[in-house]
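Worksheet: the structure to be examined is printed underneath.
The values are calculated or read from the model by the stated rules, or taken from the named source; none is laboratory data. Keep in mind that what you see is a predicted model, and the values were worked out from it rather than measured. Here Cβ is always computed from backbone atoms with ideal geometry, including for glycine, and neighbour counts include all displayed protein chains.
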Amino acid sequence: MNEHDELRDLLTDAVADVEPEYRLDAIRARTSRRTFRRGWYAAGAAVLAAAAVVTAVNLAQDDGGRRENSPAANDLTHTAALYFVGDSPAGPRLYREFQKVSGGPIADLAAMTDANGPDDPDYTTVWPRGFFRNVKVEDDAIEVSLGTWVGPQVEATKAELDLYLQQIVYTVQAATGRDDLPVRFDGSVTQGFVLESNYVIVASVVRAPQLETLALMSVSDPVEGLAVHDSFIARGRASSFEGTVHWEIRRGQQVVLDGFTTAEGYVDHLYPWETEPIDVSKLNPGRYTFAALTDDPSGGAEGFGPFTDTRTIIVD
Amino acid sequence: MAEGSWTADEALERLYAAHWRQLVRLSVLLVRDVGTAEEVVQDAFIAVHRRWDRLRDPDKALAYLRQAVVNQSRSTLRHRMVVQRHVERGPDPVGEVTDEPAEGMARRAAVLEAMRALPQRQREVLALRYYLDLSEAEIANTLAISRGAVKSHASRGAAALRELLKGDER
């Protein structure tokens, strides 16, 4: 191997395991002063899927005629943004969790089912293994093909069903990078639910606004169970009053370290935040809880009280 | 759709789909930290969106993105007082380096640490030359330096990188 190839391989390999976070939403949020999207929200409503004229669109392949230099470009192992249901002061909401997943968008949906499930024990999923069969990005929708519901029926209110459907929408939109498209189902998405009404047929769902769907505090780093020594940087997304994000490290009920940082915004959706390096070198080794909290200027007198997301960390 | 008719939003989406990962990886070679690299590249995409009216061309936009990523990585490094104890003491001990994944991780860490230890220009030239596979002329344009300077940074950088990595193979 000549020197050029050798150095190319060395540098390519050095970053081959870097799977950047999905940031298109964050970038779009900062490039547009857009008005609200076409305002139809069809979750739970009876909408018949119209026969669609399918035109093949493959966004990811269109690179303006340039080749991808990285040989790892076709390696389908990636960090997937998966959404799971968890409690919040405003009732059940979606939390985002990053997991290593191998495969196309359908693999992300499969990882969101109980075949795999969340790493964080505070989160849950109702979707059963094998229920999602295929994902296809078409001109007017992301089409998700469904299989047969295996396992017990789940009782759900309309609001709960809406949230479970948004779990699919947020996850598959992140997987395909198309948060502008509604999700259309091929098959019955409600077959596993015991619902208040027998006449709920859902064929198509659009993304609901973040502030009504997501927990307003979400930790991306550290991941659950991360071993840390010396220091670590925590990151996440939040919509908190004036962007203020409080963080705490707790041992049992006791707060042993705390601080705060500021997210880039807060008004219209969740914005990224990041702490300075948090020095844990003076803590005794053991299990701790890292908690990030939204600001609650009323002290709980108004509104919901703070939204919190937690991760177990191991200080070694 | 003809490329020339892309709106700024369409250009952003397409450039993101095609180049986001590679540009973050490029920035990781320059700044080491993935979170920092994501911020740098995110800012570059926002900048290219803002300038789309003047760029109007995917190739030009990509050249602009690269330049923005390199420049922004450089100024981030300058402003961030990152404690680089690792450079002195080499990669973290990862226990017994027997299983493949741990070995791979140690090697990757060593390469990234070695890159960080190089003078800034050498590091930039190596990343553009060997990771992005750019020509000398393209690198000269990206960094606004002469082709002769590209050549000399490349050969000195390659030699220095080898030397640093040799030291790691005790």
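Can you find a residue that is at pLDDT below 90 and buried (at least 19 other Cβ atoms within 10 Å of the Cβ) anywhere in segment A:205-218?
No: segment A:205-218 contains no residue that is at pLDDT below 90 and buried (at least 19 other Cβ atoms within 10 Å of the Cβ).
With the structure loaded, tell me whether A:Ser220 is small (Gly, Ala, Ser) and within 14 Å of another protein chain (Cβ to nearest Cβ) or whether it fails that test.
Considered against the rule, which asks whether it is small (Gly, Ala, Ser) and within 14 Å of another protein chain (Cβ to nearest Cβ), A:Ser220 comes out as yes.
Out of everything in segment A:248-289 that is buried (at least 19 other Cβ atoms within 10 Å of the Cβ), more than 14 Å from every other protein chain (Cβ to nearest Cβ) and under 24 Å from B:Val40 (Cβ atoms), what residue ends up being modelled with the lowest pLDDT?
So, considering only residues that are buried (at least 19 other Cβ atoms within 10 Å of the Cβ), more than 14 Å from every other protein chain (Cβ to nearest Cβ) and under 24 Å from B:Val40 (Cβ atoms), the one modelled with the lowest pLDDT is A:Tyr266.
Would you point out which residue out of A:Arg178, A:Arg207 is within 13 Å of chain B (Cβ to nearest Cβ), touching a residue at least 24 places away in the same chain (Cβ under 8 Å), of a type in the set (Lys, Arg) and under 29 Å from B:Arg14 (Cβ atoms)?
A:Arg178
Looking only at segment A:240-257, how many residues end up being under 16 Å from A:Val228 (Cα atoms) and among the aliphatic types (A, V, I, L, M)?
Number satisfying all stated conditions: 3.
Would you pick out the residues in segment B:116-143 that are within 9 Å of another protein chain (Cβ to nearest Cβ) and touching a Gly at 6+ places or on another chain (Cβ under 9 Å)?
Across segment B:116-143, the qualifying residues are B:Leu126, B:Arg129.
Residue by residue through segment A:156-173, note down the ones that are touching an Asp or Glu at 6+ places or on another chain (Cβ under 9 Å) and surrounded by fewer than 21 Cβ atoms within 10 Å (Cβ to Cβ).
Once the filter is applied, which keeps residues that are touching an Asp or Glu at 6+ places or on another chain (Cβ under 9 Å) and surrounded by fewer than 21 Cβ atoms within 10 Å (Cβ to Cβ), segment A:156-173 yields A:Ala156, A:Thr157, A:Lys158.
Looking at the structure I just gave you, is B:Arg21 at the interface with chain A (Cβ under 7 Å from one of its Cβ atoms), surrounded by fewer than 21 Cβ atoms within 10 Å (Cβ to Cβ), out of contact with any Lys or Arg (no Cβ under 9 Å at 6 or more places or on another chain) and modelled with pLDDT of 90 or more?
So B:Arg21 passes the test.
Go through segment A:290-299 and give me each residue that's assigned to a loop (DSSP other than H, G, I, E, B) and either modelled with pLDDT of 90 or more or within 14 Å of A:Ala215 (Cα to Cα) (or both).
A:Asp295
Among the residues that make up segment B:111-123, is at least one of them at pLDDT 85 or above, of a type in the set (Gly, Ala, Ser), under 17 Å from the mean Cα position of the chain (by Cα) and more than 19 Å from A:His4 (Cβ to Cβ)?
Yes, because at least one residue in segment B:111-123 is at pLDDT 85 or above, of a type in the set (Gly, Ala, Ser), under 17 Å from the mean Cα position of the chain (by Cα) and more than 19 Å from A:His4 (Cβ to Cβ).
Does B:Asp43 fit the bill of being surrounded by fewer than 18 Cβ atoms within 10 Å (Cβ to Cβ) and at the interface with chain A (Cβ under 8 Å from one of its Cβ atoms)?
no
All but one of (1) in a loop (DSSP other than H, G, I, E, B); (2) of a type in the set (S, T, N, Q); (3) modelled with pLDDT of 85 or more hold for A:Ser145, so report the exception by its number.
The failed condition is (1).
Return the residue satisfying two criteria in turn: it lies in segment A:1-36 and is modelled with pLDDT under 85 and in a loop (DSSP other than H, G, I, E, B), and of such residues it is nearest to the other protein chains (Cβ to nearest Cβ).
A:Ser32
Residues B:Arg78, B:Arg162, B:Arg108: which one is at pLDDT below 90 and within 12 Å of chain A (Cβ to nearest Cβ)?
B:Arg108 is the lone residue from the list that is at pLDDT below 90 and within 12 Å of chain A (Cβ to nearest Cβ).
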